[in-house]
Amino acid sequence: MIKLKELPKEEYFLPGNASCAGCGLSIALRLAYKALGPRTVFVIPACCASVIHSPFPNTAFASPCLNIAFEAAAAAASGVVAAYEKRGVKDVTVLAWAGDGGTADIGIQALSGAVERGTNFIYVCYDNESYMNTGIQRSGSTPYGAWTTTTPTGKKQHKKNVPLIMAAHDIPYVATACVSYPRDLISKLRKAKEITGPKYIQILIPCPPGWRFPTEKTIEMGRLAVQTGMWPLFEVESGKLKLNGPSARLVDKSKRKPIEQYLKSQGRFRRLTKEDIEVLQTWVDSSWEHYERLI
Amino acid sequence: MSEKPKSLKDLPITIISRPMTGSAGETGFWRTFRPVVDRSKCTNCLLCWIFCPEGCIERGEGDVPTVNYTYCKGCGVCANECPVRAITMEREG
Amino acid sequence: MSQLIIDTGNHIAGYACKAAKADVIAAYPITPQSSVVEQIADFVEKGKMDAKYIRVESEHSAMAACIGAAAAGARTFTATSAHGLALMHEMLHWASAARLPIVMAVVNRAMGPGWNIWADFSDSLSQRDTGWIQFYCADNQEIFDTIIQAYRLCEDKRVRMPTMVCHEGLILSHTSMPVEIPDQKDIDEFLPPYDPPWILDVDKPVTHGSLIYPEWYMEFRYFMDEAMKNAKKLIPEIDKEYGRKFGREYRGYIERYRCDDADLVLLSMGTIGSEAKIAVDRLRRHGFKVGAARVRVFRPFPKEEIQNLAEGARMLTVIDRHISYGMEGPLFIEVKASLYGKEDGPLMTGLIAGLGGRDVTYLDIEKIAQKSLKHLEAGKVTKEVEWVGLRR
């Protein structure tokens, strides 16, 4: 069990960067460094992360960072891994760090290819459930009913389940995490670091401007997402799914908080009708039945 | 620290940026509310430290949290998450 | 000991990649390039080449992987054709602006639709603005030598721009010719180890490619153009040094054949340039003073060399294997631009020929030359641009 006091004090995602006040991604980056340390090379496609480290000539990243085109994170990371292997560079973690757009949509080809090839890297999808960097347009990872600028009356399709897509690639480690559960996130990253081969972790990132909630509630939103079952915390290893932390008890529907609590606290779900909420609740419930079968 | 270039002679060969605290400037300017820690209530649980998006709550002696107001954007996550309500958000200026 | 082998242009490109000791190859197959990467896969898997070969899932990913690898300190190589090159387009811009000296073999093939696997220059010439140095080869030996010279050129501190070495699909890619492969020791002496312009190193962390405001963007683009100017100076120097070491040089930007006293010079690139030599010999036997000039480097464009070529000639006939729709063939456009302002310049005419792999033989070139000679006699060009051999 990770103790906060034992985590390193040093910051490697340096303060005074260009992230929004209350940015969930910023928290995730700090936690990633607490988990993995400074011998981590980030490969970042076009996304919030490529902008919050501030414009040239400064950067908030205190370890190497390669920005790359939107769809190419996993491919560029494959190249970095190959170069280090050929050159005998050891004890460095190559970490592709992409948004949900660069993972579920435009980046899915490169991701699928890289993991199918058995590339030895960690791929983190930080999921704020829209193309936030370009101003809140919908992505494949946006949940049903959510307002975005390209779904002004609410998205009509459900959230794409990329973790299960990754699990279907039979890679050594797939996990979901959330910034509101830092010990869980850190332990998963540390576990991934020790495994050889492709590792995929999707981190839920509440986003104040995109989800429309006050900046102080970022962590609270992530907690609600997990407690309502909208976002499960799990790991998949050797084809077996294991629910973690608070998610472990939530197979029992009665233990899941009703999703209204989550939906009503975010402006992006403001227009949801009773029917929409039922659709979403059904989706949550059937997803959990599916997870239960995979355990 | 990255010196701001003055002419193309100061530029690297390609778009290379160097690590810097305050890469976007003194972001403390952004806030309208500032977090104030009541030491008498604080239990040094470190939740404010781990959850601060900016990483600008420093762990002082005995893990006492100290806010770095140069960079604190005033988001209020620390105040919202403190389990003993030891942090209050006070209006700036 | 150097070796004499007989092999296809594609396999030779693979031999060159091996001789250059590329560290990381990331490539995706496409006709007619596939045998390049098949040859490399064979070398790597049989232990003849110590490299990492990433069997990427698309050409866009191939270039992205080369960029990642080069940024992490590796010498890289890739190869593609037509649609693969087009798919990579975004990343071509990325590689050059990141100043990564990636070398790529482009096996020239026509763009679709319809699916046409035969040769023309629509693929590589479409990329002429991306900041890549471009070489065009006319035989398999030149493919080998140019790839080695390309690494030396683009890794030079004064250049550091990626380079494509082009050869025509099926004409060269699948035709076997005798090629001398120099001794590896000599190649190692000619090619120093890769010295990266910048690198992803945990001990010296930097971020590459962040947001940049209009305030400083132009200066970085200016550096790239300056690097191309440096490449222009270095290309003949490196070629000369290669000649001294390996006994073969290509005498610069333009291979001139019987141009010195020519009234009419036929300009082209690639294998049309070879065919043109045969046409020239035939015309010369009938007393016509014709010469052939094969442009070997399209970027940086050999402006001064074109100006020199135009000094003696009374007419330049340019044969293009690509058309910039709505304008003319790129070689013709740039030859004209190079001669802008020249008083008493030569007559000029541009031909579009050989698109989609349609054969351009020495007989076709002879006919083109005859037509040009008639223009020359009349003292004017009645049609500035013509399409060769259209089935009207």
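Every number here is computed from the coordinates shown, using simple stated rules; none is lab data. Only a predicted model underlies this, so the values are computations on that prediction, with no experimental measurement involved. Cβ placement follows ideal geometry from the backbone for every residue including glycine, while neighbour counts extend to all protein chains displayed.
Structure data summary
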item	result
Between 0 and 90°, nearest 10: helix A:24-36 axis offset from chain A longest Cα axis	40
Sites C:D281 and C:Q3 - FRET efficiency at Förster radius 45 Å, r taken between beta-carbons, to 0.05	0.90
Relative contact order (%) - criterion: Cα under 8 Å, at least six apart; region: chain A	16
Charge dipole (the stretch A:4-294, unit charges on Cβ, about Cα centre) - positive-most of A:A177, A:P246, A:G24	A:P246
Most mobile of B:P19, B:P65, B:P35 in a GNM of chain B (Cα contacts under 10 Å)	B:P19
Shielding by other protein chains, C:72-78, mean Cβ within 10 Å	5
Charge dipole of the protein assembly as shown about the Cα centre (unit charges at C-beta), most positive-ward option of C:W115, B:C78, C:Q39	B:C78
Relative contact order (%) - criterion: Cα under 8 Å, at least six apart; region: the stretch B:25-91	48
Label-point separation, C:D261 to B:S40 (7 Å along Cα→Cβ), nm	10.9
The stretch C:1-33 versus the stretch A:50-119: alpha-carbon centroid distance in Å	28
Relative contact order (%) - chain C, alpha-carbon pairs under 8 angstrom, separation at least six	16
Inter-label distance, nm, simple model (7 Å from Cα along the C-beta direction), C:V44/C:K240	3.8
Residue of C:G73, C:G329, C:G114 that the Gaussian network model of chain C assigns the largest fluctuation, springs spanning Cα pairs under 10 Å	C:G114
Pairs beyond 28 Å (Cα-Cα), from A:K34/A:K257; C:K21/C:K232; C:K204/C:K233; C:K289/C:K342; A:K255/B:K41; C:K18/C:K277	A:K34/A:K257; C:K204/C:K233; A:K255/B:K41; C:K18/C:K277
Global form of the protein assembly as shown, assessed from the alpha-carbon gyration tensor, a/c cut-off 1.5	prolate
Point-to-point label distance, A:E260-C:A378, nm (Cα→Cβ direction, 7 Å offset)	8.8
Rounded to 10°, Cα long-axis angle of helix A:182-194 versus longest principal axis of chain A	40
Part-to-part distance (alpha-carbon centres) for the stretch C:258-332 and the stretch A:1-45, which is given in Å	60
Residue order, fewest to most beta carbons within 10 Å, for C:L363, C:L331, C:L339	C:L363, C:L339, C:L331
Where trypsin sites (Lys or Arg not before Pro) fall in DSSP loop in the stretch C:138-182, at most 15 other Cβ within 10 Å	C:K157, C:R158
Cβ-Cβ FRET estimate between B:Y69 and A:K3, R0 fixed at 45 Å, reported to 0.05	0.95
Charge dipole (debye, nearest 20) of the stretch A:4-294; +1 at Cβ of Lys and Arg, -1 at Cβ of Asp and Glu	400
Cβ-derived FRET efficiency at R0 51 Å, C:R55 paired with B:T88, nearest 0.05	0.30
Extension gain from A:Q137 to A:D285, taking 0.36 nm per residue of separation minus the Cα-Cα distance	50.6 nm
Linear extension gain, C:I199 paired with C:Q184, 0.36 nm per residue minus alpha-carbon span	2.7 nm
Shielding by other protein chains, C:211-222, mean Cβ within 10 Å	4
Those chymotrypsin sites (Phe, Trp or Tyr not before Pro) in the stretch C:55-117 that DSSP places in a loop and that have at most 15 other beta carbons within 10 Å	C:W115
Alpha-carbon centroids, the stretch A:147-216 and the stretch B:75-92: separation in whole Å	27
Electrostatic dipole magnitude of the stretch A:207-275 [Cβ: Lys, Arg +1; Asp, Glu -1; Cα centre; debye, to 20]	260
Other protein chain Cβ atoms within 10 Å, averaged over every residue that makes up A:28-40	2
The protein assembly as shown, dipole about Cα centre (Lys/Arg Cβ +1, Asp/Glu Cβ -1), debye to the nearest 20	1600
Within a Gaussian network of chain C (alpha carbon springs, distance under 10 Å), most fluctuating of C:E343, C:E189, C:E305	C:E343
